[in-house]
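Notes follow once the structure below has been shown.
The values are calculated or read from the model by the stated rules, or taken from the named source; none is laboratory data. Predicted model only: the values in this text are computed from it and were never measured. Cβ: placed from backbone, ideal geometry, glycine included. Neighbour counts: every protein chain shown.
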Amino acid sequence: MIEIGVIGCGHWGPNHIRNFNLLENVKVTACADLLHKRLEKMGELYPQIYTTVNYMNILLNKEIDAVAVATPTSTHYDVVKRALTEGKHVLCEKPLTIAVGEAEELVELAKKLNLILMVGHVFLFNAGVKKLRELIREGQLGEIYYIHCERTNLGPIRDDVNSVYDLASHDIYICNYLLNSWPEKVIAKGEDFIRPGIEDVAFISMSYPQIPERVLANIHVSWLDPVKVRRITVVGSQKMVIWDDMDVVEPIRIFDKKVVKEPYYDDYGEFRLLTRDGDIHSPKIVSTEPLKEEAMHFIDCIKDKKKPICDGGDGLAVVEILANIQASLKQNK
């Protein structure tokens, strides 16, 4: 039996408790939060779970093997470092930290102590995102030209990090995952309309050094849009595909469309580009709860001592990219 402690019972913490409790030979022993009201609710739902306002009571419990950290991003470094120091495997919500140096320290500490450090980039376990990666890897889309990501909604507006750290960290890792690469250049522009110094909307462009051509990835994030959007468009030389996480019926649509270049022409006046407009195909996507898949993967990594699909090193790469985006935001004010 693997015993889990959950630190933070706000938005994601209760979901972690529910999903870990669904797994065989796994149980959530304790949870922590600073608000008594949240702990009372967890106590009502799970009477067998020990609740505490001091997360160190969880970390000092020798019976607990691992913890899920779902606290505000600004607290991740301190909580994760203490958890690793006390010998706990850690699943930490994204992003791993705010500062690059902090993420580097946590990665080295986990490696030194031979502990699992996994970052909760939950969309890697989304069936639609997995299908996108499959289509790209199998070459069905041809040469990838660009990727466009939209992640918007009206709120929730955070006060510890901006919309880039809150929302774009998802799409940064998804793009890295799809292209099996990291961007070599980022350019970002954002504005802080609601709270000074905290960008609530941002537009980000990233260049990936693919072979034979570079791939452009664009990300739009916002806390101020009237409609919740979770959509990624991938444009290739042979086909194009849209993943819409809000579409429960057809989350993936493949468009048999492309630009066709005339192979021969006598003079410039005869040169032209043609477009091919073919069928739209929606493959069957078997829907599962990504957070449950993530929890299963974390437990498997602990049992088999294997590298997570999104380990500390991958989380560090995202923090480095976020730092570069933040620098670009300041430069383009």
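So that you can scan it fast, the table gives a plain yes or no per residue for (1) buried (at least 23 other Cβ atoms within 10 Å of the Cβ); (2) assigned to a strand (DSSP E or B); (3) of a type in the set (V, I, T); (4) modelled with pLDDT of 95 or more:
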{"position": "Y146", "(1), (2), (3), (4)": "no, yes, no, yes"}
{"position": "T152", "(1), (2), (3), (4)": "no, yes, yes, yes"}
{"position": "I157", "(1), (2), (3), (4)": "no, no, yes, no"}
{"position": "D160", "(1), (2), (3), (4)": "no, no, no, no"}
{"position": "I172", "(1), (2), (3), (4)": "yes, no, yes, yes"}
{"position": "F193", "(1), (2), (3), (4)": "no, no, no, yes"}
{"position": "I219", "(1), (2), (3), (4)": "yes, yes, yes, yes"}
{"position": "R230", "(1), (2), (3), (4)": "no, yes, no, yes"}
For region 55-82, which residues satisfy the criterion of being under 25 Å from D166 (Cα atoms), assigned to a loop (DSSP other than H, G, I, E, B) and over 23 Å from the mean Cα position of the chain (by Cα)?
Y55
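Matching residues to (1) closer than 14 Å to L322 by Cβ; (2) touching a residue at least 24 places away in the same chain (Cβ under 8 Å); (3) touching a Lys or Arg at 6+ places or on another chain (Cβ under 6 Å):
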| position | (1), (2), (3) |
| --- | --- |
| H148 | no, yes, no |
| N153 | no, yes, yes |
| S163 | yes, yes, no |
| H170 | yes, yes, no |
Got a sec? Which of V69, V90, V107 is at pLDDT 95 or above, among the aliphatic types (A, V, I, L, M) and touching a His at 6+ places or on another chain (Cβ under 8 Å)?
V69
Pull out all pairs, ordered by first then second residue, where Cβ-Cβ is under 7 Å, the residues are six or more apart or on different chains, the first lies in region 193-219 and is among the acidic types (D, E), and the second is at pLDDT below 95.
D200/I157; D200/I194; E213/E143
